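Trainee: One structure follows; several queries about it will come next.
The values are calculated or read from the model by the stated rules, or taken from the named source; none is laboratory data. Please read these numbers as outputs of a predicted model, since none were measured by experiment. When we count neighbours, we look across all protein chains shown, and the Cβ atoms used for this are built from the backbone with ideal geometry, even at glycine. These area figures cover heavy atoms from the full protein model, side chains too; ligands, DNA and RNA do not enter into them. Shrake-Rupley method; radii C 1.70, N 1.55, O 1.52, S 1.80 Å.
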Amino acid sequence: MLFMCHQMAMKKEAQDKIKAEELRKAQAGSDIPIIWILGGPGCGKGTQCAKIVEKYGFTHLSSGDLLREEVASDSDKGRQLQAIMTSGALVPNEEVLSLLNGAITRAKGSSKGFLIDGYPREKGQGIAFEEQIAPADLVLYFQCAEETMKDRILARANAAAVKRADDNEATILARLKTFKDNTNAILEQYVEKTLTINANRPVDEIFLDVVQAIDCVLKKKQKASA
């Protein structure tokens with residue numbers, strides 16, 4: 001029995017590897033880029049994503065937005081996700097990947113590219129994304145001073161109509177540290193794909209670097225599919 005279980009496990013592992021390789025080949029032959037957008041809260045990546053969408057017509061996908069949309073749909077899955085989030089537990093990565101994969105599949109026929117905003121949040125999520133969906137072509141990391149991000153978050157919190165219990169300096173600093181630790185692990189894993197951008201500068205100056213990086217990716221994709 002143990003031998004049979006071992007054989008079945010090895011067979012499944014081999015099938016998973018074949019599936020992952022097929023996905024990589026399919027993505028390599030596609031001219032549709034997938035770009036991960038990383039940056040701490042308050043770094044300005046939302047503004048840059050909006051400018052990218054305006055210029056290139058890419059599809060902007062946020063894992064947080066997809067979760068909220070699924071909950072708002074009142075589907076069976078949405079109700080399950082709502083229960084998980086209400087309990088304070090983290091939504092399993094498999095569920096997040098499923099939502100991202102569904103959104104990418106639905107838009108693939110008409111999209112010129114995909115911006116995956118705020119994902120992956122840790123190294124294991126990046127590995128799972130590339131194995132189950134497709135490899136990322138580029139990682140844009142908007143690096144911003146911790147003090148600047150803290151001040152921006154506090155300013156937004158003070159301007160909000162509803163105050164959150166975790167909108168205080170100590171909690172924000174803890175969130176920023178967690179983000180930094182996890183992001184460093186991701187960046188170490190994808191050195192060749194990553195462009196770190198100084199996000200302490202004016203918006204248009206930052207966008208010049210973004211455009212240069214995306215144009216480079218588009219040229220490579222077009223050359224590969226020619």
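Trainee: Looking at region 30-37, is at least one residue modelled with pLDDT of 85 or more, in contact with a Gly (Cβ under 6 Å, 6 or more places away or on another chain) and more than 20 Å from residue 190 (Cα to Cα)?
Mentor: no
Trainee: So, one more: If I filter region 65-87 for residues that are in contact with a strand residue (DSSP E or B) (Cβ under 9 Å, 6 or more places away or on another chain), at pLDDT below 85 and part of a helix (DSSP H, G or I), do I get at least one hit?
Mentor: Checked region 65-87: no residue is in contact with a strand residue (DSSP E or B) (Cβ under 9 Å, 6 or more places away or on another chain), at pLDDT below 85 and part of a helix (DSSP H, G or I).
Yes/no matrix, rows are residues, columns are (1) touching a residue at least 40 places away in the same chain (Cβ under 8 Å); (2) among the aromatic types (Phe, Trp, Tyr):
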position	(1), (2)
46	yes, no
57	yes, no
62	yes, no
74	no, no
93	no, no
110	no, no
119	yes, yes
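Trainee: With respect to residue 180, determine if the residue is under 21 Å from the mean Cα position of the chain (by Cα), under 15 Å from residue 145 (Cα atoms) and at pLDDT 85 or above.
Mentor: yes
Trainee: Right, another one. Which of the residues belonging to region 64-100 are open to solvent by 60 Å² or more (accessible area, probe 1.4 Å), of a type outside the set (A, V, I, L, M) and within 25 Å of residue 46 (Cβ to Cβ)?
Mentor: Correct list: 65, 68, 69, 73, 82.
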